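Beneath this line is the structure, given in structure tokens, with notes to follow.
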Amino acid sequence: MKAVGARLPRYDGVAHVTGKSVFVDDVRIPGTLCVKALRSPLHHAGIVSLDTSKAEKMPGVHAVVTHKDVPLNVYGHLSALGIPADEPLLAEDDVRWLGQPIAAVAAEDEDTALAAVEAIKLDLEERPAVFDMRIAGDPDAPQIHHWGNWYPHFEAEMDVRQIRKGDIDAAFDAADVIVSGVYRPAAIEQAPLETQTGLAVPEADGRITVYSCTQALYFSMGVVAAHLQVPLNRLKFVGGTVGGGFGGKVDTAAEAICALLALKGGRPCKWRWTREEEFLCSSTRAAWHIEIADAVTKDGWILGRKTLTLHDAGAYARFSPYGVTKHSFHHTGAYSIPNLHFDGYVVFTNRSPTSAMRGYGVTSVSFATEVHMSRIAKELGIDPFEIRLKNANRIADTSPNGIAYTDPSTVPTIQAIAEAIGHELPAEYRAMTPDPREGDLLPEHLAAQVGEVDH
Amino acid sequence: MAKHTGRGISAIEYPTGMNQNGDPSQAWIKIKPDGRVDVFSGTSDIGNGSKTIQSQIVAETLGVPYDWITYDNSNTDSSPVCTGTFASRATFVAGKAVEKAALSAKEKLLEIAAKELEIAPEDLEVVDGEVIAKGAPQKKIGVPDVAAAATWVHGELITGTGAHLNPYAAIVDPETGRVDSPPHAAISYAACAAEVEVDDETGEVRVEHMWQCFDVGRAINPTLVEGQIQGGALMGLGLAVLESCYPYYPSVEHRGTEFGSYFVPGIEGLPKIDTIIIENPSALGPYGAKGISEMANNPQPPAIASAVFDAVGVWVTELPITPERVLRALEKKDEGPRRDGKWVIFDEDISVNTVAAEGSRFRFPVGA
């Protein structure tokens, strides 16, 4: 029997739906302590003082950790790629979002852990916060990040991700119509059934076993090893079966703090985030602000596109520079637009840091560019299928960063949808294929962008 | 006051693998003395089905039944590196790693079988758990017998290792964003149509029907890929009309803290969904597969927003398209875009040009 192409049952499907699959919280190790965190009660503040002495002396409390206990406190998700880090594991001098972890405790039970968190003395000096990206670039905007209010470390230390292609001014001069619009996809929560959960167990041989709900065992192990400054063989990550992630478990949330507490307290430590923590303190999908102006001809060719993107990173960078770069690479969507001018910024605000979620960087731009496409079609009085088919990327057309498309299916997928909903296309549109442009479909403005495809 | 029906469409593309690549996956395989196969891969299964898909790829490549495969992704002591389950990479990149590991194990398997059958390995193939001579199928030996012979007669262990890495694509010109090589493992494509019903009295948008067509390269498991597409459609519906961490964004007030105050799509909002799969194979993916898991929630929000316009004549470009936003847009329906020379300027009230102060870093000049 052929295995590839077969409708085989999901490997762990029955176990999942009968409740037999083992997730991190199902792992029971005798002597496990309960972890709770002290989180910032303010959106933006300086830490004047932090005193954990009372909590440490409470009966049933086995360990309390603050930034002083972390061998490498500031380590970024993109540090391994040589990108500077900005986010402390536990806050040191300041807090930049409501919910930011400052200290964590491990205690015999949940009530004791919560009481110990209450017993930590924290003195904050509140500072002005920024929530609206659009004013973060104002000359008098409150400064909320030591790098400035937007990320300054793209290649060559640029503070903006740029795409430039063709001759944008000529395209706008040549246009019959220029349509501009603003698109604002929302921040959303990944909302997995399994909240962020970690369990760190100090083993007899001196190693630490970390039970993790991570989407990326080796990545998370690397993050924990960096914070602890230990080699990889000191750690064993156990996981691989995850109760929903959708991008929200690429960031390493609970594991490093559990490992620190396990080392300090000498007992297994489990931190299961509450549903409230999951909603308020785990990374979310970012909100975006996207402005587009397209230079178009009366007969529906898109000659050029200008774009300004602001990406709401929240308080720290995490994967946001990656997300904006990916966004820029795909900002023409499924079409060939030869003249481009794109500026994208990673903007800091005092909200919980945003990070990966399904479609990272592109879900936002697909929304913006496709609604924009529908608007242009309406404005020009052109059928929305036809304008898409006409501008659809073809084999050998090039992407915003100059890479030739090898196997685009924009044309057949659009044709399939037209047929499915009974939208009759004119014969010339029904006959279109993804093959390289020629004839009427290779107008002068698209000639220069055509690249080469190896066959 | 009435309910209005409208339709909208979208067409999208999405890359497979991490943007700019450079994201390795590794795997290894060992065959037990009875021919059963242990696969060690570091790919977390987050519900995407990678345990199933990778097991299918190994079964197909080795030529043994699917239920002979045990898949272990449980820990970092046993399993080698997988960059992770994100960036739509588990089927393509990690799938390619297990395919290569299976090819390497198969080579070893045929080496042992060749000794047992006294036929050169290149003249053998594995079909349904048996090693048979090409062109002479009566000459054969079961994979369990080969594995037993390896263990007890030849003193060998049948293993295979595989790794896949698409090389990192560097940005060679930060001014233009040009890269030195393809920054993706593959690109997938999709189109979508949505039909909505909008109540112009309450502002409620109900998505009635979605049609979706995805180019998946190759459906390794059609049931699972349909599940991704249909599940993604629901997530896209949530993005379009329901979900926001900040209901009054950019305000941070009124955040939902539980499922009772944060609305994800429920079964009562399930529209009719038609799924069309196109298989335009990737030249490089395992068996031609491309990754589509993430993009499955991308085409619906724009199709739904366009359908809302088709129904009631207003563009709602801030998500989600809540009843409040629909009603506020309907109040201003007659205003339309500003026209200035050949410019048609929508949404000026929410632009940085309106909200940011003079001298802001963020500007987007519009108008003649």
Query raised in the report: Which strands (runs of 3 or more DSSP E) sit wholly inside the stretch A:224-330 and have at least 3 residues that are modelled with pLDDT of 95 or more, within 12 Å of chain B (Cβ to nearest Cβ) and under 12 Å from the mean Cα position of the chain (by Cα)?
Result: A:302-314
Query raised in the report: Condition test on A:ASP383, is it within 24 Å of A:GLY314 (Cα to Cα) and either surrounded by fewer than 24 Cβ atoms within 10 Å (Cβ to Cβ) or of a type outside the set (Asp, Glu) (or both)?
Result: no
Query - Search result, residues across the stretch A:122-160 that are at positive phi and either charged (D, E, K, R) or within 8 Å of chain B (Cβ to nearest Cβ) (or both) - result: A:ALA156, A:GLU157
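The rows are residues; the columns are (1) more than 15 Å from B:GLU13 (Cβ to Cβ); (2) more than 8 Å from chain B (Cβ to nearest Cβ); (3) not in a loop (DSSP other than H, G, I, E, B).
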{"position": "A:TYR360", "(1), (2), (3)": "no, no, no"}
{"position": "A:LYS390", "(1), (2), (3)": "yes, yes, yes"}
{"position": "A:ALA396", "(1), (2), (3)": "yes, yes, no"}
{"position": "A:ILE414", "(1), (2), (3)": "no, no, yes"}
{"position": "A:ALA418", "(1), (2), (3)": "yes, yes, yes"}
{"position": "A:LEU425", "(1), (2), (3)": "yes, yes, no"}
{"position": "A:GLU428", "(1), (2), (3)": "yes, yes, yes"}
{"position": "A:PRO436", "(1), (2), (3)": "yes, yes, no"}
Report summary line: Listed by range, strands (runs of 3 or more DSSP E) wholly within the stretch B:61-133 having at least 3 residues that are over 26 Å from A:ALA6 (Cβ atoms) and over 24 Å from the mean Cα position of the chain (by Cα) are none
Query - Residue ID - nearest to the other protein chains (Cβ to nearest Cβ), chosen from residues in the stretch A:344-353 that are of a type outside the set (S, T, N, Q) and more than 27 Å from B:ARG89 (Cα to Cα) - result: A:ARG351
**Report entry** Evaluation of A:GLU189 against (1) surrounded by fewer than 18 Cβ atoms within 10 Å (Cβ to Cβ); (2) in contact with a Gly (Cβ under 8 Å, 6 or more places away or on another chain); (3) charged (D, E, K, R) (one fails), failing number
**Finding:** (1)
Query raised in the report: Hey, does the stretch A:339-348 have a residue that's part of a strand (DSSP E or B), hydroxyl-bearing (Ser, Thr, Tyr) and crowded, with 24+ Cβ neighbours inside 10 Å?
Result: yes
Requested in this report: Can you give me the number of residues within the stretch B:32-60 that are in a strand (DSSP E or B), within 9 Å of chain A (Cβ to nearest Cβ) and of a type in the set (Asp, Glu)?
Outcome: 1
Query raised in the report: So is A:VAL74 in contact (Cβ under 8 Å) with a residue 40 or more places away in the chain and of a type outside the set (Ser, Thr, Tyr) or not?
Result: no
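From the list B:GLU226, B:GLU253, which residue is under 13 Å from the mean Cα position of the chain (by Cα), modelled with pLDDT of 95 or more and surrounded by fewer than 20 Cβ atoms within 10 Å (Cβ to Cβ)?
Numbers: B:GLU253 fails: under 13 Å from the mean Cα position of the chain (by Cα).
Answer to the check: B:GLU226.
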Requested in this report: Determine if the stretch B:261-279 includes at least one residue that is without any contact (Cβ under 8 Å) to a residue 40 or more places away in the chain, over 27 Å from A:ALA175 (Cα atoms) and acidic (Asp, Glu).
Outcome: yes
Query - the stretch A:43-60, residues that are over 17 Å from A:GLU92 (Cβ atoms) and away from chain B (no Cβ under 14 Å) - result: A:SER53, A:LYS54, A:ALA55, A:GLU56, A:LYS57, A:MET58, A:PRO59, A:GLY60
Query - Residue list for the stretch B:297-317, filter: touching a residue at least 60 places away in the same chain (Cβ under 8 Å) and either under 17 Å from B:SER244 (Cβ atoms) or touching a Phe, Trp or Tyr at 6+ places or on another chain (Cβ under 8 Å) (or both) - result: B:ASN297, B:ASN298, B:GLN300, B:PRO301, B:PRO302, B:ILE304, B:ALA305, B:VAL308, B:PHE309
Report summary line: When the stretch B:236-255 is checked residue by residue, the ones that are within 7 Å of chain A (Cβ to nearest Cβ) and either assigned to a loop (DSSP other than H, G, I, E, B) or among the charged types (D, E, K, R) (or both) are B:GLU243, B:SER244, B:CYS245, B:TYR246, B:TYR249, B:PRO250, B:SER251, B:VAL252, B:ARG255
Query raised in the report: Would you pick out the residues in the stretch A:163-174 that are of a type in the set (Gly, Ala, Ser) and crowded, with 22+ Cβ neighbours inside 10 Å?
Result: A:ALA171
Query raised in the report: Is it true that B:THR5 is in a loop (DSSP other than H, G, I, E, B), among the β-branched types (Val, Ile, Thr) and closer than 30 Å to B:PRO301 by Cα?
Result: no
Query raised in the report: When you go through B:CYS245, B:CYS213 one by one, which is the residue that is in contact with a Pro (Cβ under 9 Å, 6 or more places away or on another chain), crowded, with 17+ Cβ neighbours inside 10 Å and modelled with pLDDT of 95 or more?
Result: B:CYS213
Report summary line: Residue hits (the stretch B:143-175; assigned to a loop (DSSP other than H, G, I, E, B) and touching an Asp or Glu at 6+ places or on another chain (Cβ under 7 Å)) are B:ALA169, B:ALA170, B:PRO174
Query raised in the report: Quick one: would you say A:GLN215 is surrounded by fewer than 19 Cβ atoms within 10 Å (Cβ to Cβ) and either within 25 Å of the chain's Cα centre (by Cα) or facing chain B (nearest Cβ under 10 Å) (or both)?
Result: no
Report task. State yes or no: is B:PRO182 closer than 30 Å to A:SER220 by Cα, crowded, with 17+ Cβ neighbours inside 10 Å and out of contact with any strand residue (DSSP E or B) (no Cβ under 7 Å at 6 or more places or on another chain)? Result -> yes
Query raised in the report: Condition test on A:ALA356, is it touching an Asp or Glu at 6+ places or on another chain (Cβ under 8 Å), at the interface with chain B (Cβ under 10 Å from one of its Cβ atoms), more than 18 Å from A:LYS165 (Cβ to Cβ) and surrounded by fewer than 24 Cβ atoms within 10 Å (Cβ to Cβ)?
Result: no
Report summary line: Of those in the stretch B:263-285 that are touching a helix residue (DSSP H, G or I) at 6+ places or on another chain (Cβ under 6 Å) and more than 23 Å from B:ALA303 (Cβ to Cβ), the residue surrounded by the fewest Cβ atoms within 10 Å (Cβ to Cβ) is B:PRO281
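The values are calculated or read from the model by the stated rules, or taken from the named source; none is laboratory data. Since the structure is predicted, the reported quantities are computational estimates derived from the model, not experimental observations. Backbone-built Cβ (ideal geometry, glycine too); neighbour counts: all protein chains shown.
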